[in-house]
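Report on the structure given below.
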């Protein structure tokens with residue numbers, strides 16, 4: 001069995017790589033940091049390939065698919081992504097467009113192309129990493145929250161299409177809450193709730209994927225946010241989210257890009 005993992009050099013993507021490696025899967029790892037990719041390849045050994053790619057560039061996304069097309073991929077893990085903290089009118093437009101290209105466009109392209117391949121042979125797994133943010137609006141992280149709403153709703157729609165066709169292709173969308181990665185560290189902000197480990201999130205996500213579950217929401221905090229939000233008026237929910245994000249504001253007031 002072979003998996004392609006984007007965003008494999010850090011955070012959840014890296015932990016998913018470790019989890020699959022322990023299960024005996026062969027891996028194709030992609031990310032921007034070639035040195036980390038080489039370290040992982042050396043650690044995992046035989047059966048591990050690496051592809052350096054900048055997923056904010058559509059040409060690179062299609063190049064990645066082309067390189068992997070003949071390699072009998074059994075699982076696609078779309079883990080690459082990041083967010084930008086700050087008021088919408090003050091964040092850098094170029095940075096936001098790059099973020100949208102990574103969080104939405106690259107994921108959309110890879111999901112579509114590999115889904116077509118998987119459906120032809122009626123087997124395969126797709127794990128899309130969203131966030132509990134996908135259930136809500138996110139003042140001060142507006143574009144990030146919006147991008148994760150896209151990932152969540154797209155994945156659930158595909159899951160229903162596959163169910164309707166009685167397909168053996170499985171898709172799961174992972175929606176974690178706070179995770180102990182570089183996401184908040186890079187932003188210069190603090191966690192608003194106790195984070196869970198990325199190792200736990202990776203194992204939980206794979207468990208739900210192999211069980212054929214559409215949705216993977218690890219930790220009680222994430223579950224409360226994901227399912228409790230439906231009972232609150234959107235204005236109250238937005239106000240709560242604003243206050244939570246504002247409390248994490250950097251002391252120097254700068255807007256910073258943050259990764260999962």
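Bear in mind that the values in this text are calculations on the coordinates, not laboratory data. Predicted, not measured: the structure shown is a model, and the values here were computed from it. A quick note on method: Cβ atoms are made from the backbone with ideal geometry, for glycine too, and the neighbour counts reach across all protein chains shown.
Brief remarks on what is shown
- Using just its DSSP H runs of length 4 or more, each adding -39500 (n - 2.57), the chain gives a mean residue ellipticity at 222 nm of -14500 deg cm²/dmol after division by all residues.
- Order of 48, 9, 91 - criterion: other Cβ atoms within 10 Å of each residue's Cβ, fewest first: 48, 91, 9
- Of every Cα-Cα pair in the chain, the percent that sits beyond 33 Å: 16
- The chain - share of DSSP beta bridges that are antiparallel (%, nearest 5): 10
- Alpha-carbon centroids, region 60-107 and region 126-176: separation in whole Å: 14
- Cα centroid separation, region 193-221 to region 40-58: 24 Å.
- Protection-proxy order for peptides 200-210, 218-228, 126-136, each taking the mean of Cβ atoms within 10 Å per residue, highest first: 126-136, 200-210, 218-228
- Kirkwood hydrodynamic radius (C-alpha pairs) into Stokes-Einstein, region 54-106, 10 °C and 1.306 mPa s, D in µm²/s: 126
- Packing here is the average count of other Cβ atoms within 10 Å per residue, and on that basis the peptides 66-74, 20-28, highest first, run 20-28, 66-74.
- Solution diffusion estimate, µm²/s, Stokes-Einstein, region 59-209, Kirkwood Rh from C-alpha pairs, 10 °C, viscosity 1.306 mPa s: 97
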